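First comes the structure, then the notes that go with it.
The values are calculated or read from the model by the stated rules, or taken from the named source; none is laboratory data. Given the structure is predicted, the values throughout are model-derived calculations rather than measurements. A quick note on method: Cβ atoms are made from the backbone with ideal geometry, for glycine too, and the neighbour counts reach across all protein chains shown. Side chains included, ligands, DNA and RNA excluded: accessible areas come from the protein's heavy atoms. Shrake-Rupley method; radii C 1.70, N 1.55, O 1.52, S 1.80 Å.
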Amino acid sequence: MESEGTTEGQANNLAQSAASKLSKMGERTKQLGNVIQDPVRQKRIILVIVCVVLLLDNMLYMVIVPIIPDYLEGLQNAADLAQAAAPHINSTNSTQVPKGNFDLQIGVLFASKAILQLLVNPLSGTFIDRVGYDIPLFIGLNVMFLSTIIFAFADNYATLFLARSMQGLGSAFADTSGIALIADKYQEEKERSKALGIALAFISFGSLVAPPFGGVLYQFAGKRVPFLILASICLIDGIMCLIVLKPFSNRERENMPVGTPIYKLMIDPYIAVVAGALTICNIPLAFLEPTIATWMEENMHASQWEIGMTWFPAFFPHVLGVYLTVKLAAKYPHLQWFYGAIGMVFIGASSCTVPACKNFGQLMIPLCGICFGIAFVDTALLPTLGFLVDVRHVSVYGSVYAIADISYCVAYALGPVVAGQIVHDLGFVQLNLGMGLANVLYAPALLLLKNVTKMKPSFSERNMLLEDGPTGLYDTIKMEQREKKRKGLCTTIDENGTETFAQRSYSEEESSGGEYA
């Protein structure tokens, strides 16, 4: 009996201990939920989610540079050995690929991501404007996860091509919705510039750290490991997106404001100038990435580690450029166009000096200059796109940042396919001089943006109709509701015979810029 009592007491203690632990876990979960729902902290968490998306996308874009050519060459050699071991097989069935065709295959594989992204972006921008930013971001993360898994287990060119193209599809949704989500959450220009600058730093870090990351892991751990690591990070980020953004929660999506159609944004002269600058400033980077390794081998007899580390030092001046532009924009916001122009001149001068370099140390200087200039252009002009939508269109950002993504994709789709042919036909020196000249000549076009900050924003009417400040994507819903109420009030007044007084009162207030009471 005593032992039974002792056992029962122990069971009760265990039950009380378990209940206490469950209660504490419930309290911690509730506290975590409150932290996530806090508007300020939620903005920061969303910024982290988007930055990880951009980091993953650019790492996956560049991680294949040291892996795939060597891997495909290994497959080609294995096929040649199999052909030599079975000479009775008809030669027409041989899988041997001529060197020129092999290089073309590599170029098309690299470019396929940007090409598909370029084709999908007009559709993804419109889709984002219709349904919001969270669902497209979650869709993009899922597609990127699948493409990374396919990369890990692909064992032939066709499967690799499929994975690369799927990455372009995922990027068209994830990148565009992520940047647009930042622009929507950070409405104040100073905060928006800082948040987009942080995002750009992650883009740069992903692009520049991926080749050494992939090369080292490929050499010591095999092809699958770098892709499985990236897939794991993508999965964690997708879970965070699901918890924080709750993309499939019930919300009134039918009342969401309709953004300006993408074709109308494309013909806006100010947006067109910004898009052109984003394309031209990224051409040197996009065209040098597939050509500079061969040039370094032929002209400075560079070692493999030097080729692998070519772009990594440029990360630091890129971050410095982002930091300086954010600080300058906060102090002198009316000079955003000037920062972009300075960046393009910097890119042009640096590009022209690349062919004059005789060793690895000298080459670092112009490459760092190119990335420093790109940081100036991107950090100054990406927030400008959001501001242009605010002052000239509806404050819905999916389509305008789809245009920015298209601008990048034009450069990176042409680079792997066209750059090698230009070097073959005209030479490496002519390629760099042409890219540098294009940047310097385009810089004065940014003068068109000089008076952008003086424009009266379209949300001046929104502030007249809203009691609280703008909240981004959904504030236009409130504006339309208040506008309907105001019109209904005017109609009532008309029926009471005071039509003239009501119209005159509103027009006077509107013309004087006063608030509507």
* For Leu196, indicate whether it is at pLDDT below 85, open to solvent by less than 30 Å² (accessible area, probe 1.4 Å), hydrophobic (A, V, I, L, M, F, W, C) and under 16 Å from the mean Cα position of the chain (by Cα). => no
* To do: Kindly indicate the residue of segment 150-183 that is of a type in the set (S, T, N, Q) and open to solvent by less than 10 Å² (accessible area, probe 1.4 Å) and also farthest from Val108 (Cα to Cα) among those meeting that condition.
  => Ser177
* To do: Please report, ordered by residue number, the helices (runs of 4 or more DSSP H) entirely within segment 264-314 with at least 1 residues that are of a type in the set (Gly, Ala, Ser), at pLDDT 85 or above and under 26 Å from Pro383 (Cα atoms).
  => 269-288
* **Subset of segment 386-445 (residues that are among the hydroxyl-bearing types (Ser, Thr, Tyr) and open to solvent by less than 10 Å² (accessible area, probe 1.4 Å))** => Ser395, Tyr397, Ser399, Tyr401, Ser407
* Condition met for Ile139 (over 30 Å from Pro69 (Cβ atoms), open to solvent by 50 Å² or more (accessible area, probe 1.4 Å) and modelled with pLDDT of 90 or more) -> yes
* Give the residues of segment 327-342 that are within 19 Å of Cys281 (Cα to Cα) and either surrounded by 22 or more Cβ atoms within 10 Å (Cβ to Cβ) or modelled with pLDDT of 90 or more (or both), sorted by residue number. => Gln336, Trp337, Phe338, Tyr339, Gly340, Ala341, Ile342
* Structure fact -> Considering segment 353-375, residues that are open to solvent by 30 Å² or more (accessible area, probe 1.4 Å) and either of a type in the set (D, E, K, R) or more than 26 Å from the chain's Cα centre (by Cα) (or both), and then whichever is nearest to Tyr270 (Cα to Cα), we arrive at Thr353
* May I ask you to verify whether Phe202 is open to solvent by 60 Å² or more (accessible area, probe 1.4 Å) and within 16 Å of Ala375 (Cα to Cα)? => yes
* Structure fact -> The residue from Ser207, Ser147 that alone is in contact (Cβ under 8 Å) with a residue 40 or more places away in the chain, among the hydroxyl-bearing types (Ser, Thr, Tyr), surrounded by 19 or more Cβ atoms within 10 Å (Cβ to Cβ) and over 30 Å from Ala329 (Cβ atoms) is Ser147
* Please indicate, with yes or no, whether at least one residue in segment 96-110 is at pLDDT 80 or above and surrounded by 21 or more Cβ atoms within 10 Å (Cβ to Cβ). => yes
* If you take the residues in segment 343-352 that are touching a residue at least 40 places away in the same chain (Cβ under 8 Å) and open to solvent by 40 Å² or more (accessible area, probe 1.4 Å), which one is nearest to Leu382 (Cα to Cα)? -> Val345
